[in-house]
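Nothing in this text is a laboratory measurement; each read-out follows from the coordinates by a stated rule. As the structure is a prediction and not an experimental result, all values here were calculated from the model. Positions of Cβ are generated from backbone atoms using ideal geometry, with glycine treated the same way; all protein chains shown enter the neighbour counts.
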Amino acid sequence: MQGQIIKVCFLTRDTGLADAIARALGECFETCPSSELRLELLNETLASSHVLLIDLRTSNSDDFDEAAIRLMGTLNGLPSHPPIVVLCDEEHRGPFLRAVEYGADDSITNPPNINELRIILRRVYKLYTSEQELRRLRGAGPAGRLHELIGNSVPMQELFAMARKIATCDVSVLITGETGTGKELLARAIHQLSGRSSGPLVAFSCANLPETLVEDELFGHEKGAFTGAITSRCGRLEVADQGTLFLDEIGDLGLGLQPKLLRVLQERRFERLGGNKTVNVDIRLVCATHRNLGEMVQQGKFRDDLYYRLNVMQMHLPPLRERRDDIPLLAQKFLEKAAQQFQKNTRNFSPTALNALEDYNWPGNVRELENVVQRGVAISDNESVDICHLPESMRTVRAKTGLQSDVEILPVSRSYEEEVRRFKRGLILNTLQQCGWRKSECARTLGVARGYLHRLINQLGIQDREINLSGPPADDKLPSGPVM
């Protein structure tokens with residue numbers, strides 16, 4: 001901050017005061033006085049200013065004060081604007097209190113102490129730049145992360161970059177993807193990165209609900225609107241004012257409600273059920289669906305005008321099977337979360353368990369992965385989640401040898417000794433197969449003595465019938481049975 005010139009936009013009708021303050025602040029401040037309070041004429045000045053100083057002294061006309069307050073209210077609704085400091089008379093607190101209500105960051109009394117004014121201007125600007133940097137860092141996040149979404153794969157990195165671009169643009173967003181891919185997490189990330197992050201994020205799912213219930217949830221009702229409506233109630237649209245409304249499974253919204261939602265998007269107003277009073281709202285709409293809305297429009301199941309309103313920006317979340325590179329990252333995150341939740345010392349996955357997770361098709365996507373990892377942590381008694389802790393459907397994996405005939409590892413039991421025995425059997429059989437069933441070469445590959453390999457083969461009960469149909473060479477034949 002030292003040595004940096006702070007540009008101050010000073011809104012006042014007292015040109016003498018503006019000149020005096022500009023001279024007194026000194027060379028570290030650049031003051032641009034103006035009596036213009038219309039935002040469209042101030043945009044260029046505000047864009048190049050670091051701090052906005054507004055004169056609200058009672059010596060000014062009431063019209064000026066009112067216009068200044070309205071300007072502050074407008075600025076407060078924008079994604080970004082310079083911090084605001086107001087100059088007011090000490091004995092008249094009314095304008096100051098209203099200024100605070102409309103977003104003023106600090107104030108100074110008239111006549112201002114120049115040293116105090118310098119400190120205030122520097123402080124609010126430093127705080128503003130720190131908040132902007134914090135928002136930028138939160139938006140960027142660590143590599144492979146967008147708020148609660150995680151992914152290092154190319155599709156997810158492209159999705160994260162697009163989300164950061166469109167978040168600051170106040171447009172409707174349609175998120176598509178299979179169930180369990182994290183559509184609501186993406187909606188939350190867009191809200192947090194937007195200029196509405198200080199406002200509410202209201203989520204509602206339209207899935208499998210009667211149309212009358214969805215209508216009441218969205219629009220609210222007045223007292224006596226229907227049997228049981230003993231009090232008035234605000235709907236989700238009203239609660240989301242100045243924030244973001246997330247409608248999940250928008251494809252399930254009934255045809256009767258679609259025109260009402262379209263009217264809200266077009267006119268930004270509606271009436272509660274049973275009422276005739278217009279409610280004005282300022283919301284950003286983010287919708288999600290696993291359905292193909294384009295096909296539903298062609299089939300007459302979804303209104304085309306509403307579809308075009310919702311589909312200003314479409315973002316697709318890929319299923320987990322199309323981004324398998326993210327499975328280890330997600331699984332480790334869920335493991336750490338579950339270990340903390342269950343107060344266990346589980347830290348990682350065994351190689352076989354991780355391979356099984358990566359090979360599975362995940363019809364339930366990320367949500368299913370989280371549930372599987374939770375189960376594994378819950379029943380694990382050591383620091384690792386092993387394949388025996390995974391659901392039965394994942395316990396059969398194939399050891400990929402690169403040959404046409406792979407050796408199948410049998411479904412595991414919960415016995416540690418049995419698991420070790422089966423692992424050794426599978427390892428020896430795999431190695432023998434790769435070495436053309438030659439024990440000498442197999443022993444060299446495993447790094448053990450040939451006699452020790454013979455003892456292992458006998459102890460593990462590896463029989464002739466398990467040998468590949470091509471069979472080993474006659475001079476290097478495996479023993480026909482265990483030798484005691």
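Observations
- Nearby aspartates and glutamates by direct alpha-carbon distance to K277 (threshold 15 angstrom, same-chain neighbours under 8 apart not counted): E222, E238, E267
- For H316, nonlocal amide neighbours, meaning residues 5 or more places apart or on other chains whose placed amide H falls under 5 Å from its own, are T176.
- Taking the Cα centre of the range 320-395 as reference, the dipole from Cβ charges on Lys and Arg (+1) and Asp and Glu (-1) amounts to some 180 debye.
- A Cβ-based charge dipole, computed about the Cα centre of the range 258-349 with Lys and Arg at +1 and Asp and Glu at -1, lands at about 320 debye.
- Pairs beyond 31 Å (Cα-Cα), from K165/K344; K165/K333; K126/K333: K165/K344; K126/K333
- Extension gain from I166 to A449, taking 0.36 nm per residue of separation minus the Cα-Cα distance: 95.5 nm
- Proximal lysines to K337, defined as alpha-carbon separation beneath 21 angstrom and excluding residues fewer than eight positions away on the same chain: K183
- Between amide H atoms placed 1.01 Å from N, distances below 5 Å from I54 occur with L11, V85, V86, L87, all of them 5 or more places distant or on a separate chain.
- Of all lysines in the structure, the ones whose alpha carbon falls short of 20 Å from that of K439, not counting any fewer than 8 places away in one chain, are K424, K477.
- Contact order normalised by residue count of the range 156-318, Cα under 8 Å, 6+ apart, percent: 34 percent
- Put in line by how crowded their Cβ is, counting other Cβ atoms within 10 Å and starting with the fewest, M315, M162, M72 read M162, M315, M72.
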